[in-house]
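The structure appears below as structure tokens.
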Amino acid sequence: MTDEEAARPELGTSTMTAPPSLPINGEGGKMYGRGVRGENSLKHSAQLMRVKPTLTEHILWQQLRRKQLDGFKFRRQHGIGCYIVDFYCARLKLIVEIDGKTHAAPEQIQKDKIRTAYFHSNGYKIARYSNAEVYNNLPELLRSLKQKLEQLTLAEASSPSHGGVRGGGH
């Protein structure tokens, strides 16, 4: 084996890294990226997360699946950029995140700020709820989420790109 061959990683084992301003982190700081052959470990990780959801994700998914919430279609464990979000409504670019206790740790708070900034800079809206809200007050969480969906639907209908009225002109 030549020095060049020894220095070269096996196909499919290396991952690309993102610039410091855009870390490749999912829930709990897991690293995701694309392999040399184009294998998408982010997609694979999302598939695994759909198979083994947290209890709170499972509970909320039972309320969101099959367009049960005012007819809106949600995806679960959906990849956006280099992140996996808990739930996503593509029609309104709405991300729904369920945060556990780990999100209170200072390191995770900083990661969440970077993640949130990335989503906002790309036109996504975020609704965050805690595990406790899912467990202890699911009806109120769903009411809050319905209200958010209604607000976004009204904003979408009034935007110039969707044929809505522009400004307050007569």
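FYI, it's all coordinate maths here, none of it is from the lab. From a predicted model like this one, the values you see are computed outputs, not experimental measurements. Counting neighbours? That spans all protein chains shown, and the Cβs are built from the backbone with ideal geometry, glycine included.
Of the residues that sit in the range 49-87 and are closer than 22 Å to Gln151 by Cα and basic (Lys, Arg), which one is surrounded by the fewest Cβ atoms within 10 Å (Cβ to Cβ)?
Restricting to residues being closer than 22 Å to Gln151 by Cα and basic (Lys, Arg), the top hit is Arg66.
Can you pull out every residue in the range 54-73 that is polar (S, T, N, Q) and closer than 21 Å to Gly100 by Cα?
Thr54, Thr56, Gln62, Gln63
Quick one: which residue in Ile109, Ile84 is in contact (Cβ under 8 Å) with a residue 12 or more places away in the chain and either closer than 26 Å to Ser41 by Cα or aromatic (Phe, Trp, Tyr) (or both)?
Matching residue, one of Ile109, Ile84: Ile84.
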